[in-house]
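K.L.:
One structure, as structure tokens, below. Some questions next.
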Amino acid sequence: MSPQTKTAHKPVILNSLKSDIDKEREGDWQESTEIGPGVAFKVRSTNYPAYAVARDAASARLTRKYPNASLSADHDDYQPIPEEVLAEVNGEIIAQHLLLDWRGLDIPYSPDAALSALTDVTFRVLRSAVMLAATRVGRYEVKFVEDTSKN
């Protein structure tokens with residue numbers, strides 16, 4: 001094996017792969033680099049059980065109401081779920097279960113302000129930023145075993 005292809009791998013510390021369940025359930029502040037400096041959301045994780053239940057129930061309702069949405073777009077019976085409907089359904093679930101607070105926006109956080117914005121089809125950037133923040137809550141930080149041998 002040539003020196004160029006030989007790679008030393010440090011072992012990963014198993015405990016560093018643990019998620020912070022408390023932060024996932026209680027929420028944590030996440031900076032939103034997607035929107036801009038100073039904007040942050042206090043969110044629960046997308047692994048939060050009540051969110052997962054509500055998301056799955058909404059998906060089942062939408063599937064029953066729009067059965068042809070799962071067909072490919074080139075299928076004659078294809079009927080996508082209207083964007084306004086998706087914004088309303090997803091925004092409501094996000095507002096109810098994930099978003100707990102925000103900072104750096106010109107309007108102070110309130111549950112009503114969050115619900116109004118998140119269910120508005122034109123606020124897709126906000127919905128996406130909150131969801132991205134929620135995917136980062138409680139995430140582990142991989143740590144590696146340090147090489148203590150001397151050369």
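The values are calculated or read from the model by the stated rules, or taken from the named source; none is laboratory data. Note that this is a predicted model, so its numbers are computed, not measured. FYI the Cβ positions are ideal-geometry reconstructions off the backbone, even for glycines, and counts take in every protein chain you see. Protein only, heavy atoms only, side chains kept; ligands, DNA and RNA dropped before computing areas. Shrake-Rupley method; radii C 1.70, N 1.55, O 1.52, S 1.80 Å.
K.L.:
Which members of segment 48-68 meet the condition of being open to solvent by 30 Å² or more (accessible area, probe 1.4 Å) and out of contact with any Lys or Arg (no Cβ under 9 Å at 6 or more places or on another chain)?
P.N.:
Within segment 48-68, 53, 55, 56, 57, 59, 60, 61, 63, 64, 65, 67, 68 meet the criteria.
K.L.:
In segment 92-151, what residues are closer than 18 Å to residue 30 by Cα and of a type in the set (Gly, Ala, Ser)?
P.N.:
Result: 95, 104, 110, 114, 128, 129, 133, 134, 138.
K.L.:
Counting only residues that are in a helix (DSSP H, G or I) and surrounded by 11 or more Cβ atoms within 10 Å (Cβ to Cβ), which one in segment 8-26 is nearest to the chain's Cα centre (by Cα)?
P.N.:
24
K.L.:
Looking only at segment 113-143, count every residue that is of a type in the set (Val, Ile, Thr) and over 15 Å from the mean Cα position of the chain (by Cα) and tell me the total.
P.N.:
Number satisfying all stated conditions: 4.
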